[in-house]
Every structure is written in structure tokens, then in C-alpha cells.
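Nothing in this text is a laboratory measurement; each read-out follows from the coordinates by a stated rule. Nothing here was measured: the structure is a model prediction, and the numbers come from that model. With ideal geometry, Cβ positions are generated from the backbone for all residues, glycine too; neighbour counts draw on all protein chains shown.
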Amino acid sequence: MRPPLFEAVPNFSEGRDAARISRIAQSVRDVPGVRVLNVHSDPDHNRSVLTFAGEEDAVLEAAVTLAAACAAEIDLASQTGQHPRVGSLDVLPFVPLEGATLEDAARLARRAGERLGRLGFPVYLYEAAATASHRGNLADIRSGGYEGLAARLEDPLWQPDYGPPELDPHRGAVAVGARPFLVAFNAYLDTADIEVAKAVALEVRERDGGLPGVKALGLSVGGKAQVSMNLTDLEVTSIAIALEAVRAAAADRGASVESTELVGLAPLEAILQVTRHYLRLRELEDRHVIEAALWDAPES
């Protein structure tokens, strides 16, 4: 049997300096046994999303190497961007792939958290790896960004799981977690009014009574109002359902969706869901996609 495989989808706080982003990504590429699958950078968010995969020990070493590279390359004290952040290496989620379970990913997250703590990062475990219910939701850890987290540090409930009990303003903290697949999906509105995007985000996100499995923020990106979403339960709320909800909420405010954006990678099933929805296909599985059929076809 093949050893279990894991995906890591770290977000780090640099999206403008191409040379710096390249060096950080290369630090992961240089780790044996790891494959870098995607790098997505956004200059307005000033943030990059790196996707890599491999076996447990290789992914762990790549995560530690990445954290060291972020600490060396990024000065959080001078970093600015539209997206809230708490650290140079801001978020480090692990996702179970072939042969792995969510508990396996949580164990890997705890191993990584301990190693990153020894590097000097205050580490907060979240989702399936969380040690406290009030820190299970990533949004609660990142509430108020670096400044908000720094203000909560004196509260014993907000001491980190690993690492020093104070924040270094240059590297910040890191949230390390384990979760299933999610899709990061953004909708750009045909308005520059950020208040419209904020109102739409409030209407569609789960915590304010919107769609289950949807986290959303209203941001100003590239002169446009953006509804930035994480879709955490695609079986309940697909990309298509989320998009239609954003369209309806925007229309109620005199706006429309001008374009959309996929951040990083999405599983094939998420794309098939969209195709089924809009083409009203009675049946569509990966076996109907020629490339997927080629992947799975036995060699003669």
C-alpha cells in the first residue's frame, strides 16, 4: 500500500514582490518528496497561496522550511494589504488526500505546530487540530488581524498552543490547522463601493445567517468591490449556489457580478458541480471527462 498523502495550502503575507515569492516557493520545491502544485499571488491582498503535496514527513519538512523562509523574507511590520493577516506565514492548513484521514491531518498539524513554535512562531491550532472550541474557527483567531490578536494575548484563553507567549511584530503568529477541501472563490462586483461588498458578504456568510459552509468578506481590490469567499462544505453549498446567492444579494443593492476568481486549486468534483448546475445535466461524473478517463485507464 502507498503511504498516505497530504496537501498543504499555506497562505503567506507577500503578493507583490515576484522575486521574494519565487524564493519562498523555491524553498518548498527544494524539499525531496514534495510537489508544488500551484502558486497564486494577489498584489491587492498582498498575499500568496501555495499548494503542495506529498507524504507526511516530507510535507512536514516542507512546512518548516517554508516558515523559516517566510520569517527571513517578510517583515510583517511594514506589510500592508486588503486581506486580514496575523503573520508572515499566516495560515498553514493540512488536508488529507489519498489514504489519509482528517485525524491524520490533525496529527500532522500538531507536529508542524510544535516545530514552528521552536522556530519562534506563536502557533494557534484551528479546525480539526484545535485544542479549544473558541479557537476552532480561523476567523476568530484572525479577528482584528495582527493588532487584534496582539491585544488579546494577555487573556489566558488566547495564549498560543506552541511557541513564545508574545508576538514578534516582524513575523507575527501562524494559524496551523487540519480541514477537508475548501474552495477559495471571489466575486468582483461592477461597483467600487466596498459597502456593497460588505453587505453582500454579511448576507451570504454562514455566521450571519447565510449559506452553510460559507465564509465571506467584503474587500476593495483593484478598484472594484470584491466578495471574497471560502466555501468549506461543497456538498451543502457549491460554487454555483454561492455565486447565485451573491448575484441575488448584489442585485438587491443595484449591483451585479462582473467576474469571478478561483484562488489556488479546486477538486474536480467542485468543477463538475458547477457544470451540472448550469447545464442541467442529469449525470456528470469524472468518467465523462476525457482527461480523467485517461488518468484512470489501465495500461495495456
Query raised in the report: Say we join alpha carbon atoms closer than 10 Å with springs in a Gaussian network model of the chain; which of Ala242, Ala72, Ala216 then has the biggest fluctuation?
Result: Ala72
Report task. With unit charges on the beta carbon (Lys/Arg positive, Asp/Glu negative), name the residue among Val31, Pro93, Gln82 whose Cα is farthest towards the positive pole of the charge dipole of the chain. Result -> Gln82
Requested in this report: Between Leu279 and Asp193, with labels modelled 7 Å along Cα→Cβ, what's the label distance in nm to one decimal, could you check?
Outcome: 3.8 nm
Query raised in the report: Using θ = phi - 60° and the Karplus curve 6.51 cos²θ - 1.76 cosθ + 1.60, what whole-Hz ³J(HN,Hα) does each residue of segment 121-129 get, with Gly and Pro shown as x?
Result: 8, x, 10, 10, 7, 9, 6, 5, 9
Requested in this report: Treat every Asp and Glu Cβ in the chain as -1 and every Lys and Arg Cβ as +1, leave all other atoms uncharged, and give the resulting dipole magnitude about the Cα centre to the nearest 20 debye.
Outcome: 240 debye
Report summary line: The farthest towards the positive end of the charge dipole of segment 223-296, of the residues Val289, Leu262, Ser228, given +1 on Cβ of Lys and Arg and -1 on Cβ of Asp and Glu, is Ser228
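Placing unit charges on C-beta atoms (Lys and Arg positive, Asp and Glu negative, everything else neutral), compute the dipole magnitude of segment 168-286 about its Cα centre in debye, rounded to 20.
140 debye
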Report summary line: Listed by chain and number, the residues whose amide H is under 5 Å from that of Ser88, excluding neighbours fewer than 5 places away on the same chain and using placed H, are Gly172, Ala173
Query raised in the report: Separation of segment 207-263 and segment 1-56 by C-alpha centroid, Å?
Result: 25 Å
Query raised in the report: What distance in nm separates the simple spin-label points at Val36 and Ser259, each placed 7 Å from Cα in the Cβ direction?
Result: 2.5 nm
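Counting only DSSP beta bridges with both residues in the chain, tell me the antiparallel percent, nearest 5.
80 percent
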